[in-house]
Amino acid sequence: MKSLLLFTYKQPLKGPRFRWGVLCNRRDTYKHPLAWSTIRGPYRAHDPEFQRSRNIDTVLTIDGPKAFYHERQGFRLRVPFLGWAIEPFLK
């Protein structure tokens, strides 16, 4: 069952952006803890909310398949059974 997914996603440097596409799958991944230098390094210095997630959504967008952390998604609307009709136009 493929669903149409409309959501906002908070980029670490660019801020929140509106995204849409067909939800291909969601997977729960195990990740090792981050090193202290990675968390407090220059890239994440101004992002106090950064944390690694275990839930990754793979979404087929206009730019191709992309992976998004589920916890960093803001507003989210999922329309079930509509992804099969939109998917051929995204390939």
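What follows is calculated from the coordinates using simple rules that are stated; it is not laboratory data. On a predicted model such as this, the values are computed, not experimentally measured, just so you know. Cβ sites come from the backbone with ideal geometry, for glycine too, and all protein chains shown count toward neighbours.
Values computed for the structure shown
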{"item": "Surrounding net charge for L90, when Lys and Arg each add one and Asp and Glu each subtract one, Cβ distance under 13 Å", "result": "+2"}
{"item": "13 Å beta-carbon shell around D63, net charge (K/R +1, D/E -1)", "result": "+4"}
{"item": "Footprinting exposure proxy for V59, V79 (fewest neighbouring C-beta atoms within 10 Å first)", "result": "V79, V59"}
{"item": "Amide hydrogen neighbours beyond the local backbone of R19, cut-off 5 Å, H modeled", "result": "F7, T8, Y9"}
{"item": "FRET efficiency for A67 and L34, using Cβ-Cβ distance with R0 set to 25 Å, rounded to 0.05", "result": "0.90"}
{"item": "Cβ-based exposure ranking for D63, D57, in which fewest neighbours within 10 Å come first", "result": "D63, D57"}
{"item": "Nonlocal amide H pairs with L82, under 5 Å, H built at 1.01 Å", "result": "L4"}
